[in-house]
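Asker: Quick one: structure below, then a few questions.
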Amino acid sequence: MLTWDGVSLRETPVASGVHMIAHDDLDDPATARIAAWLPRFTAAEPDDWTALLQETAALDPNDDRAIIRDNTSHGYPTLSLLYATAEVSADGAAVSSHVLSRPGHWD
């Protein structure tokens, strides 16, 4: 994973397994949504990830644990526009994505 803080480029190796990336860092436990949901996604089968993502949408989109987000209450004019899941293996990659019909809210 490559990250850039505006000054320097950093490369973080990504080990096999289930990971979450947010604005801060890979699997960052200080990020509320990663702390709340990474264990659940790790325990779930990839075919169940979309259903689990839907479950996360029961949270208010302003809640820091929400994955489908509305950050306007935090002073940022950003809302979730889509979700994507990816499964990468030696055989290739399977990527699924869906555009939300209403930004910041589950369909």
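The values are calculated or read from the model by the stated rules, or taken from the named source; none is laboratory data. Keep in mind that what you see is a predicted model, and the values were worked out from it rather than measured. Please note: Cβ atoms are built from the backbone with ideal geometry, for glycine as well, and neighbour counts cover all protein chains shown.
Asker: Taking the stretch 36-47, which residues are touching a residue at least 24 places away in the same chain (Cβ under 8 Å) and either surrounded by 13 or more Cβ atoms within 10 Å (Cβ to Cβ) or not in a helix (DSSP H, G or I) (or both)?
Answerer: 36, 37, 46
Asker: Another question, then. So, in the stretch 19-35, of the ones that are outside any helix (DSSP H, G or I) and either among the β-branched types (Val, Ile, Thr) or touching a residue at least 24 places away in the same chain (Cβ under 8 Å) (or both), which residue ends up surrounded by the most Cβ atoms within 10 Å (Cβ to Cβ)?
Answerer: The qualifying residue surrounded by the most Cβ atoms within 10 Å (Cβ to Cβ) is 31.
Asker: Same structure again: Among (1) within 23 Å of residue 96 (Cβ to Cβ); (2) free of Cβ contacts under 8 Å to residues at least 40 places away in the same chain; (3) assigned to a helix (DSSP H, G or I), there is one condition residue 16 misses while meeting the rest; what is its number?
Answerer: (3)
Asker: Which condition from (1) at pLDDT below 90; (2) of a type outside the set (A, V, I, L, M, F, W, C); (3) more than 14 Å from the chain's Cα centre (by Cα) is the one that residue 24 breaks?
Answerer: (3)
Asker: A further question follows. Could you tell me whether the stretch 48-66 includes any residue that is within 21 Å of residue 1 (Cβ to Cβ), part of a loop (DSSP other than H, G, I, E, B) and either modelled with pLDDT of 90 or more or of a type in the set (A, V, I, L, M) (or both)?
Answerer: No, the stretch 48-66 has no match at all.
Asker: Looking only at the stretch 1-13, count every residue that is in a loop (DSSP other than H, G, I, E, B), more than 20 Å from residue 83 (Cα to Cα) and in contact with a Ser or Thr (Cβ under 8 Å, 6 or more places away or on another chain) and tell me the total.
Answerer: Of the residues in the stretch 1-13, 1 are in a loop (DSSP other than H, G, I, E, B), more than 20 Å from residue 83 (Cα to Cα) and in contact with a Ser or Thr (Cβ under 8 Å, 6 or more places away or on another chain).
Asker: What residue, of 59, 9, 79, is touching a strand residue (DSSP E or B) at 6+ places or on another chain (Cβ under 8 Å), within 22 Å of residue 107 (Cα to Cα) and not acidic (Asp, Glu)?
Answerer: 79
Asker: Can I ask one more? Determine whether residue 82 is closer than 21 Å to residue 17 by Cα and among the aliphatic types (A, V, I, L, M).
Answerer: Spelling it out, it is not the case that residue 82 is closer than 21 Å to residue 17 by Cα and among the aliphatic types (A, V, I, L, M).
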